[in-house]
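Enquirer: I have a structure I would like to understand better, so I am pasting it below and will then ask my questions one at a time.
The values are calculated or read from the model by the stated rules, or taken from the named source; none is laboratory data. The model shown is predicted, which means the values in this text are computed figures rather than measured ones. Glycine also receives a Cβ, built like all others from the backbone with ideal geometry; neighbour counts cover every protein chain displayed.
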Amino acid sequence: MPDGQSGRRRRCLLSGVRTTPDRLLRFAVDAAGAVVPDPAHRFPGRGLWLAPAPDAVAAAMAKGVFARGAKRRLQVPDDLAARSVKAWTAHVAGQVEKARRAGLVLADGAAGAGSEALLADAGPLGFGRLALKRTPFTGRLAADLALLARLVGAGI
C-alpha cells in the first residue's frame, strides 16, 4: 500500500486530498461539542483532518468545514489556529523528550549518520537537528515534526 500505511487514508476537509493520517492534522470534537486539536490522536472518533499549512486552520474556520465534516453544529474557538500550533508544539516537544530519554536520539546536531539513522532537521522550530534511531516511534516523530513545520510555515 502507499506509504506503508496498510490502506488507511483520510480526506482533508479543506482541499479534499486523500492521504495517510501521518500527513494530516487531526482535530476532534470534545464532549462539549467544541473542536480541539488532537496531535496525539487520542480523542475518540474518526476525527476531522486538515492538510497542514500556515493558514489552513483559519481558512477551515472561515469556510465552516469543521461543522460540515462532523455533520453537526460545533463550537469553533476563535483562537483555534493558535491553539493548534501550541498543541502540536507541545506534542512534538514531549515526543522529542521521550526519544531522548529512551536513547533514540543518536546525536543532537549530527552532521550525518549511517543508514540506521533518521535525520530530522527541526532547527527553525527550536528543536535542533536530530539524528534518530530508526523505529516506528521515531518515524512518527519525524512525521510530526514535518507537520508542525508546515503548520507554522517553517522552511523545513
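Enquirer: Give the number of residues within segment 126-145 that are among the hydroxyl-bearing types (Ser, Thr, Tyr) and outside any loop (DSSP other than H, G, I, E, B).
Expert: Final tally of qualifying residues: 1.
Enquirer: Find the residue count for segment 30-48, including only residues that are small (Gly, Ala, Ser) and without any contact (Cβ under 8 Å) to a residue 24 or more places away in the chain. Give the steps one after another, and end with the answer.
Expert: Narrowing segment 30-48 to residues small (Gly, Ala, Ser): 31-34, 40, 45, 47.
Subset that is without any contact (Cβ under 8 Å) to a residue 24 or more places away in the chain: 31, 45.
So the count comes out to 2.
Enquirer: Residues to consider are 93, 28; find the one that is at pLDDT below 95, touching a Phe, Trp or Tyr at 6+ places or on another chain (Cβ under 8 Å) and of a type in the set (Gly, Ala, Ser). Full working, then the answer.
Expert: Values: 28 fails: at pLDDT below 95.
After ruling out the rest, the residue left standing is 93.
Enquirer: Taking helices (runs of 4 or more DSSP H) that fall entirely within segment 32-111, which contain at least 1 residues that are within 13 Å of residue 151 (Cβ to Cβ) and among the small types (Gly, Ala, Ser)? Working first, answer last.
Expert: Numbers: elements: 56-63, 65-70, 80-101.
Per the criteria, 56-63, 80-101.
Enquirer: Yes or no: residue 113 at pLDDT 90 or above, surrounded by fewer than 17 Cβ atoms within 10 Å (Cβ to Cβ) and among the small types (Gly, Ala, Ser)?
Expert: So residue 113 fails the test.
Enquirer: Mind checking whether some residue in segment 53-68 is under 20 Å from residue 31 (Cβ atoms) and in contact with a strand residue (DSSP E or B) (Cβ under 8 Å, 6 or more places away or on another chain)?
Expert: Yes: segment 53-68 contains one or more residues that are under 20 Å from residue 31 (Cβ atoms) and in contact with a strand residue (DSSP E or B) (Cβ under 8 Å, 6 or more places away or on another chain).
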